[in-house]
Amino acid sequence: MDYLQIKKVKSLKGDIKISGAKNASLPLIAMTILAKNSVHIKNLPNVADIKTLLKLLSNLGAECSFHDDRVIVDTSSLAQTKAKYDIVKTMRASILVLGPILTRFGHCEVSLPGGCAIGQRPVDLHLKALEQMGATIYIKSGYIEATAPNGLKGCDIIFDKITVTGTANIVMAASLAKGITTLTNAAREPEVVQLCEVLNSSGVKIEGIGTAVLTIHGTDSKLLDIDEFSVIADRIEAGTYLCAGAISKDELTLTNVDAGHLGAVLSKLEEMGSSFSITEDTITIHPSKIIKPVKITTQEYPAFPTDMQAQFLALATQAEGTSIIEEKLFENRFMHVSELQRMGADISLNGSVATIKGETPLSGTDVMATDLRASSALVLAGLVADGMTNVHRIYHLDRGYDALEKKLGAVGADIKRLQE
Ligand code: EPZ
């Protein structure tokens, strides 16, 4: 297994190119199941989760080919409708094939994704909405078995909770359904917006894109003609590197990035003392020499994203004062805290609230990544910890960060990928 060895950074300087968004790429790849033609996707990030989903589609009979700046996915020969446990267990976002397969073929079996490190991660809202659209759903020996022999019917759906992949699943299911589906309490994340925009330009009329109420006019089983598109920039990868500039107090420029997707993150970094120069596709962070403490509550977009909670918690260990971070989306998303405490951080947990006493010098040691964003928080801590930090189990990191050690190394970090 690989691990990352990080030495305390002298200074970071230069530009980091942001990759395509993992969480936009996954639903967009699942969406190819709705296409009659082969689909050209540009700017896919080179991360494990994308490879996993493409492998899942290939196992179902799709053809995925890699070219210099794009992946071409052709699902016209897709024959299988059973997504097996061995792949789904490695990536719970595989649930995203349920809606498209069901709406196209009238039946689908997907292994229940099960929980993950950060929480139980139920999919009850996905299933309840599909049943409202006319599907019959059984859970049998760990599999979701969904059938809709006469196809899905549009209807009015209200999500009890805002769910990102739940919204994507139902938007895709509704795309080939008979009639109109309204989805209230829909997720508004930029990744969901791009999925709706691509579908809307492929013959599925969708109203309310970017709002909490989506109206999807189904094509009644007519497959879609999907033009080539490029995946939006990864706002979480971008936020992570902005935190690298803030924690090391060095100026960094991000390229290929959309500051419009980072409002809450930029505003919290400003509260902590940083300022920014922003153009259409770049962000330069001008960090302050003194990091101010901060109060953060994670919420759905456009509020502060849960996927940036761990990174800000690492940054808060260096603030002059006490910060409070409340995690409201996932019940177990503080596993990076115990690893940071082992590096000397002064953090106390009370339920979903972390209190971080700043100005604690961190010392490098062996630490263990527990989930994707926790991994990046440990890397950030390693940049400012005295001595050497070894971050183990970085297969978690590789799920969602494209060449992180190369990108940080190129701007001056002393970071190496080694074998255990
Ligand atoms: C997406 O997960 C992201 N993953 C997550 O990013 C992100 O943390 C999360 O949204 C929240 O922003 C992808 O897009 C692939 P949810 P998702 O359904 O869709 C509850 C990362 O680091 N819920 O929006 O699975 C759920 O328990 C990953 O890149 C139900 O109760 O999250 C949670 O409390 C981690 N029933 C809340 O809703 C359901 O049927 C939000 O979950 C579905 C969700």
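No value in this document is a laboratory result; all are computed from the given coordinates. Only a predicted model underlies this, so the values are computations on that prediction, with no experimental measurement involved. With ideal geometry, Cβ positions are generated from the backbone for all residues, glycine too; neighbour counts draw on all protein chains shown.
Quote the charge dipole size of the chain about the Cα centre in Debye, to the nearest 20; the model charges only the Cβ of Lys and Arg (+1) and of Asp and Glu (-1). If you can, show how the numbers build up before the last one.
On the way: 42 positive and 48 negative charges, 109 e Å.
In total the dipole reaches around 520 debye.
Need one word for region 280-376: rounded, prolate or oblate. Basis is the Cα gyration tensor (sqrt eigenvalues a ≥ b ≥ c); a/c below 1.5 gives rounded, then a/b vs b/c decides.
In terms of gyration-tensor shape, rounded.
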In degrees between 0 and 90, to the nearest 10, how far off the longest principal axis of the chain does helix 235-248 point, with axes built from Cα atoms?
0
Amide H proximity to Thr297 below 5 Å, modelled H, separation 5+ or other chain, gives Glu326
Mean-position separation - Cα centroids, region 24-84 and region 149-180, in angstrom
21
So, by mean Cβ neighbours within 10 angstrom, what's the order for 58-69, 123-134, 267-278, 372-383 with the highest one leading?
372-383, 123-134, 267-278, 58-69
Between Ser19, Ser141, Ser221, where does the largest GNM mean-square fluctuation fall for the chain, given springs only between Cα atoms within less than 10 Å?
Ser141
When the helices in the chain are scored as -39500 (n - 2.57) per DSSP H run of 4 or longer and the sum is shared across all residues, what 222 nm value do you end up with, to the nearest 500 deg cm²/dmol?
-8500 deg cm²/dmol
Summing +1 per Lys or Arg and -1 per Asp or Glu among the other residues with Cβ less than 10 Å from Asn59's Cβ gives +2
Classify region 254-330 from the C-alpha gyration tensor, please: rounded if a/c falls under 1.5, else prolate or oblate depending on whether a/b exceeds b/c.
oblate
Between region 245-318 and region 343-406, what is the C-alpha centre distance in whole Å?
17
Please tell me which of these pairs span more than 18 angstrom C-alpha to C-alpha: Lys55/Lys406; Lys8/Lys407; Lys42/Lys406?
Lys55/Lys406; Lys42/Lys406
Classify the chain as rounded, prolate or oblate, taking a ≥ b ≥ c as the square roots of the eigenvalues of its Cα gyration tensor: rounded when a/c is under 1.5, otherwise prolate if a/b is larger than b/c and oblate if not.
prolate
Among Gln132, His40, Gln299, which residue has its Cα furthest toward the positive end of the charge dipole of the chain, with +1 on Lys/Arg Cβ and -1 on Asp/Glu Cβ?
Gln132
